[in-house]
1. If residue 35 satisfies every condition in (1) surrounded by fewer than 14 Cβ atoms within 10 Å (Cβ to Cβ); (2) at pLDDT 95 or above but one, which is the exception?
2. Please work out which residue is surrounded by the most Cβ atoms within 10 Å (Cβ to Cβ), limiting yourself to region 92-102 and to residues that are more than 8 Å from the ligand (Cβ to nearest atom) and under 20 Å from residue 7 (Cα atoms).
3. Which condition breaks for residue 116 when tested against (1) farther than 30 Å from residue 44 by Cα; (2) away from the ligand (no atom under 13 Å from the Cβ); (3) touching a helix residue (DSSP H, G or I) at 6+ places or on another chain (Cβ under 8 Å)?
4. Suppose we filter 132, 121, 105 for residues that are away from the ligand (no atom under 13 Å from the Cβ) and either touching a helix residue (DSSP H, G or I) at 6+ places or on another chain (Cβ under 9 Å) or within 19 Å of residue 36 (Cβ to Cβ) (or both); which single one remains?
5. Can you tell me which residues in region 25-58 are over 30 Å from residue 154 (Cα atoms) and assigned to a loop (DSSP other than H, G, I, E, B)?
6. Whether any residue in region 52-60 is surrounded by 13 or more Cβ atoms within 10 Å (Cβ to Cβ) and either under 19 Å from residue 24 (Cβ atoms) or in contact with a helix residue (DSSP H, G or I) (Cβ under 6 Å, 6 or more places away or on another chain) (or both) is what I want to check.
7. Could you pull out every one of the strands (runs of 3 or more DSSP E) wholly within region 77-134 that has 1 or more residues that are closer than 24 Å to residue 56 by Cα and in contact (Cβ under 8 Å) with a residue 12 or more places away in the chain?
8. Quick one: count up the residues across region 62-91 that are within 16 Å of residue 31 (Cβ to Cβ), within 8 Å of the ligand (Cβ to nearest atom) and modelled with pLDDT of 95 or more.
Ligand SMILES: C[S@@+](CC[C@H](N)C(=O)[O-])C[C@H]1O[C@@H](n2cnc3c(N)ncnc32)[C@H](O)[C@@H]1O
């Protein structure tokens, strides 16, 4: 049913929740130069713990999660990284997207049963987690293009 794909719906049950120091959006560092060093915990449902076997060998993880406190979406909008020029939602990391899915790379500090202690969370406390996968970057730094983000950084440097 490949042709029907855009009409299909997918129901997912979170595999767990994020425990983070951020209760409100305003507390999460954002904008140019923002660094994500905050520690938090990915608390998986206990019955899913066997799925974490061998995860300790990975330094970093992809976390896929839901922007459960975002409302609606905007296809073109200004974002904190570039207040001057609007950008398309799929060329940005805006929380207000047609499918409110977040993606964060975190550093795995340690595991305690079904809990993963991590560094680098930018999610609010209680954020539902959809999936966790090992981070394996295959893109050479010289092959990476950073689009409008690099241009916004250059403009900011020139101004300062
Ligand atoms: C710019 S988004 C980037 C998130 C993720 N790294 C990504 O690229 O998909 C980060 C912002 O999402 C917001 N946020 C975090 N958790 C959220 C949640 N559960 N619901 C709605 N907004 C959230 C915070 O304001 C945070 O500053």
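The values are calculated or read from the model by the stated rules, or taken from the named source; none is laboratory data. Just so it is clear, the structure is predicted and the values come from calculations on it, not from any experiment. Every residue, glycine as well, gets a Cβ built from its backbone with ideal geometry; the counts of neighbours run over all protein chains shown.
1. Condition not satisfied by residue 35: (2).
2. Filtering first and then ranking leaves 97.
3. (1)
4. 132
5. Answer for region 25-58, where residues must be over 30 Å from residue 154 (Cα atoms) and assigned to a loop (DSSP other than H, G, I, E, B): 45, 53, 54, 58.
6. Residues of region 52-60 surrounded by 13 or more Cβ atoms within 10 Å (Cβ to Cβ): 52, 55, 58, 60.
Those left that are additionally either under 19 Å from residue 24 (Cβ atoms) or in contact with a helix residue (DSSP H, G or I) (Cβ under 6 Å, 6 or more places away or on another chain) (or both): none.
No, the conditions are met nowhere in region 52-60.
7. 101-112, 115-119, 128-134
8. The number of residues fulfilling the criteria is 0.
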